[in-house]
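I have placed the structure first, in the form of structure tokens, so that the comments after it can refer back to it.
Any read-out appearing in this document is the output of simple, stated calculations on the displayed coordinates, not a laboratory observation. Predicted model, so just to flag it, every value in this text is computed and none were measured. So basically every Cβ, Gly included, is an ideal-geometry build from the backbone, and we count neighbours across all protein chains shown.
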Amino acid sequence: MDRSLFLARLPGPTFVAVALGMLINLGMYESMIADALHPGTLFYLSGFLSLLAGLAIVNLHNRWHMDWRVIITVLGWLMTIGASCVSSCRRLQLP
């Protein structure tokens with residue numbers, strides 16, 4: 001299997017499952033996020049996991065050809081940069 005297709009198949013079903021869960025159980029997600037926002041645990045954990053996933057994508061799939069595969073590379077770089085900011089910049093976090 002092509003590495004691009006493999007990496008494209010990972011986030012797609014995950015995003016669909018999370019979106020369906022949020023549509024069905026919106027109240028539960030709102031309370032979970034509200035509880036996790038206060039101590040900053042959610043920001044640190046999401047930053048760490050996004051950094052890990054972004055670095056994995058960038059290391060496995062750093063292709064800059066002008067077709068649909070570049071979307072995977074751009075998302076990997078955005079995840080890496082965004083996660084670095086979230087994990088290291090305290091002022092971006094809510095009080």
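Numerical summary
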item	result
Dimensionless Rg over Rh [the range 29-84; C-alpha; Kirkwood]	1.16
Inter-site label distance for residue 44 and residue 17 at 7 Å from Cα along Cβ, in nm	2.7
Sparse-neighbour loop sites [chymotrypsin sites (Phe, Trp or Tyr not before Pro); the range 1-73; at most 10 other C-beta within 10 Å; DSSP]	64, 68
Net lengthening on full extension, residue 84/residue 36 (0.36 nm per residue, minus Cα-Cα)	15.3 nm
With Cα atoms, 0 to 90° folded angle of helix 11-24 axis to the chain main axis	30
Helix axis angle, 41-60 relative to the chain longest principal axis, alpha carbon, degrees	0
Degrees, to the nearest 10: 26-37 long Cα axis against longest axis of the chain	80
In nm, spacing of pseudo-spin labels at residue 6 and residue 63 (7 Å Cα→C-beta vector)	1.2
Histogram of C-alpha separations across the chain, 10 Å bin width, %	15, 36, 34, 14, 1
